[in-house]
Amino acid sequence: MSDARKWGVGLVLVALGAAGGYAVGAWHGGADAPGAAPARGPAVATFEGGRIDAEAVRERIREEGPLVAETYATPAGLHELVERMAREQVLLAEARKKGYDHRPAVTRQCDGALLEAFLEGEFEAPERARALAPGELESAFTAQKDALSHPAQVRAAQIFLAAPAKDAALRQRQRRAAEALLAEARTALARDPEAFAALARRRSEDPRTRPLGGELPLMTQAQLAAVLGAPAAERAFAGTAPRTVLDQVVEAEDGFRVVAVLERRAASETSLDEARELLEPRVRRERRKQAYDAFVAGLEQRAQVRIDDAALSQLSGAASAGAR
């Protein structure tokens, strides 16, 4: 972080401390500065209106983390750190003197920092520490069990011969060709697992699946029924052999299909223990959202928040005019 960036952050924190009537950190001013924290150990640096004590330096090193802390392991490194802290204080004092701590942009950042600290201390940290209630995970698992389980699927392949329903003569020829392909495919697949794919690349008339050896993606029975029809899908899922050609040509209005089943995946049901790692973060996110809404609603009710829509409508019109 650049020095300018650190000074900007320091300015926000000091302004926040001044607004709240307390010191933000032990190194923000000294015993003589307004709202300063009491001294905690010997001063390692002093300046007009304040001081930096040893504990403040230790806190700064902890804040910057172990990797950066290595640079302060020597007297020269510590001297550079304290010099930078003193420089920040001099600049911040001058900024306060000139009223920069009251600028709207600064106060908005102060409000944001205050809100973040409040929510972390009063809501986020307690919410993270709150254990799931008995049965909470089980209820979520029951509600989402279908989504967490996997239905049976097959990966099929097809050899398609086009034959529009209105062309009876073509359909007769294509039916005979499909029956011949069915016999050839059954014989070939029994000898070579890749034979069906080779046959589909040579003979299929479907431009989308022909380059893929006729392969279709993994599908449930309902999905396959939408492609091949319910009877063919039922036969595909009724079998048990890992690689097989359906024993009948599949006939449809657009033509004929010789279908092979290349892979079967059995249905699987996920147990609660298996789903726990995935499910618990979901439950916590949903619970946090509900708890946050209730937390804020309670504060709003106590504060008696009221919104004047009539006044707001006038502001809306003025805002629209300003935007133009």
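Each value in this text was obtained by applying a stated rule to the coordinates, not by laboratory testing. Please read all numbers here as calculations on a predicted model, not as lab measurements. All Cβ positions, even for glycine, are placed from backbone atoms using ideal geometry, and neighbour counts span all protein chains on display.
What does the net charge come to around Ala163 if you take all other residues with beta carbon closer than 13 Å to its beta carbon, with K and R at +1 and D and E at -1?
Working: positive: Lys166, Arg171, Arg173, Arg175, Arg176, Arg257; negative: Asp167, Glu179, Glu205, Asp206, Glu251, Glu253, Asp254.
Counting the neighbours of Ala163, the net charge comes to -1.
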The farthest towards the positive end of the charge dipole of the chain, of the residues Gln144, Leu78, Gln174, given +1 on Cβ of Lys and Arg and -1 on Cβ of Asp and Glu, is Gln174
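Could you compute the net charge surrounding Arg284? Neighbours are other residues with a C-beta less than 14 Å from the C-beta of Arg284; K and R count +1, D and E count -1. Write out the running numbers ahead of the final one.
Numbers: positive: Arg128, Arg130, Arg276, Arg282, Arg285, Arg287, Arg288, Lys289; negative: Glu124, Glu127, Glu136, Glu277, Glu280, Glu286.
Summing Lys and Arg as +1 and Asp and Glu as -1 gives +2.
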Of all trypsin sites (Lys or Arg not before Pro) in the stretch 48-100, the ones in DSSP coil with at most 13 other Cβ atoms within 10 Å are Lys98
Among trypsin sites (Lys or Arg not before Pro) in the stretch 107-171, those in a DSSP loop whose Cβ has at most 16 other Cβ atoms within 10 Å are Arg130, Lys166
Rounded to the nearest 10, the angle in degrees between the Cα long axis of helix 3-20 and the longest principal axis of the Cα atoms of the chain comes to 70 degrees
Amide H neighbours of Glu215 at under 5 Å, excluding residues fewer than 5 places away on the same chain, with H built from the backbone geometry, are Gln158
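Using the Cα centre as the reference, give the magnitude of the dipole from point charges on the C-beta atoms of the chain (Lys, Arg: +1; Asp, Glu: -1; all else neutral), rounded to the nearest 20 debye.
Values: 45 positive and 47 negative charges, 250 e Å.
So the magnitude is around 1200 debye.
Take peptides 73-81, 179-187 and line them up by average Cβ neighbours within 10 Å, highest first, as a rough protection proxy.
On the way: 73-81: 12.7, 179-187: 16.8.
Ranking, from highest mean packing down: 179-187, 73-81.
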Taking Lys and Arg as +1 and Asp and Glu as -1, residues besides Arg103 with C-beta under 13 Å from its C-beta add up to +1
Short to long, in 20 Å steps from zero, the percent of alpha-carbon pairs of the chain per bin is 20, 25, 22, 23, 9, 0
Among Ala225, Val283, Ala200, the residue whose Cα sits farthest towards the positive end of the charge dipole of the chain (+1 at Cβ of Lys and Arg, -1 at Cβ of Asp and Glu, taken about the Cα centre) is Ala200
So the angle from the long Cα axis of helix 168-191 to the longest Cα principal axis of the chain, reported in degrees to the nearest 10, equals 70 degrees
Nearest 10, in degrees from 0 to 90: the angle of helix 272-303 to the longest Cα principal axis of the chain is 40 degrees
